[in-house]
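Derivation of every value follows stated rules applied to the coordinates shown; laboratory data play no part. Quick caveat: nothing in here was measured; it's all calculated off a predicted structure. Quick reminder, even Gly has a Cβ in these numbers, built from the backbone with ideal geometry, and neighbours come from all protein chains shown.
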Amino acid sequence: MKLSAEFRSSATHLGECPNWDRVEIALAGRSNVGKSSLLNALTETRGLARTSKTPGRTRALNFFSVGTKVALVDLPGFGYAKMSRDDAAAISRLLDAYLTQRERLVGLVLLVDARRGPEKEELAILALPENRELRSYSGFATVVVATKCDKLRRSERAAAVARFTKLGIEPIICSAQSGEGMETLRRRIMAIGAGEKSPRASVIVDP
Ligand code: GTP
Ligand code: MG
């Protein structure tokens, strides 16, 4: 399946989000987990979203149109210890506002490092859309991606997956580098774009 995307615009506050009728699916996760790389791998377009070895690369919401009805949104990463307190707070406010107030956001893809498994802060992000009190609210789709799986040895895989499944999460195992999981994720994203919901998350427990 081909998923071609085009950069539309960036936003540093909600008022700057595009005024369009696409449904948005956002890529969220810790700083440096590989959100921008995953977007490039999904769309097979090198350099579409800017990536970096240094965390804290993406500071704004970046909107990409996909096909005629869907958009992917590359979010700034959270949890980067070296970012100034003010910058971290600004990013946190932006994420919170976008995930709880953006009406046309229909799905969230949360990236988690396959080697670490989900941590508290990540589970909290997964819970945010649950707080949406939008009139249009009618279910919401969440997908958890265990990424950078190319860094797992074969012998580490089962334990890595278990860190997710014990929390009731069935991850899609991916690597932007090897391309593993990309086709599964593309299909899932397009299904969400076409209106598929997921059951209300029941996973929010302490890790
Ligand atoms: P912020 O914008 O800072 O939040 O980071 P990000 O989540 O967008 O991460 P980015 O895509 O910039 O990637 C961070 C680093 O991880 C880069 O050095 C990437 O090359 C590397 N990386 C991303 N995905 C993978 C992957 O699947 N496998 C491996 N081995 N490295 C990856
Ligand atoms: Mg990024």
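For the chain, a simple Cβ point-charge model (Lys and Arg +1, Asp and Glu -1, everything else neutral) yields a dipole of about 480 debye relative to the Cα centre.
Contact order for the stretch 1-158, expressed relative to its length and based on alpha carbon pairs under 8 Å spaced 6+ residues apart, stands at 26 percent. Its relative contact order, with pairs defined as Cα atoms under 8 Å and 6+ residues apart, puts the stretch 11-102 at 33 percent.
Pairs from the list Lys82/Lys148; Lys120/Lys151; Lys69/Lys120; Lys69/Lys166; Lys2/Lys120 with a Cα-Cα gap above 28 Å: Lys69/Lys120; Lys69/Lys166; Lys2/Lys120. Taking all Cα-Cα distances within the chain, those exceeding 31 Å account for 11%.
If you restrict to DSSP beta bridges whose two residues both lie in the chain, what percentage is antiparallel, to the nearest 5?
Numbers: 12 of 33 bridges.
Given both bridge residues lie in the chain, the antiparallel proportion sits at roughly 35 percent.
Packing, taken as the mean count of other beta carbons within 10 Å per residue, orders the peptides 64-76, 5-17 from highest to lowest as 64-76, 5-17. Please work out the Cα center distance from the stretch 138-163 to the stretch 1-16, rounded to the nearest Å. After rounding, the separation between the Cα centres reads 26 Å. The modelled label-to-label distance between Arg59 and Asp87, using points 7 Å beyond Cα along the C-beta direction, is 0.6 nm.
When only C-alpha pairs under 8 Å and at least 6 residues apart count, what is the relative contact order of the stretch 85-155, in percent? Working shown, then result.
Details: 63 pairs, mean separation 30.6, N = 71.
Reported as a whole number, the value is 43 percent.
Over 24 Å, how big is the tail of the calculated P(r) for the stretch 1-99, in percent of all Cα pairs?
On the way: 881 of 4851 pairs.
Cα-Cα pairs of the stretch 1-99 separated by over 24 Å account for 18 percent.
Residues whose amide H comes within less than 5 Å of that of Ala28, counting only those at least five positions distant or on another chain, are Val109, Leu110, Leu111 (H built at 1.01 Å from N in the peptide plane).
Using the Karplus relation 6.51 cos²θ - 1.76 cosθ + 1.60 with θ = phi - 60°, the per-residue 3J(HN,Hα) values for the stretch 147-157 come to 9, 6, 5, 4, 8, 8, 6, 3, 6, 9, 4 Hz, with x marking Gly and Pro.
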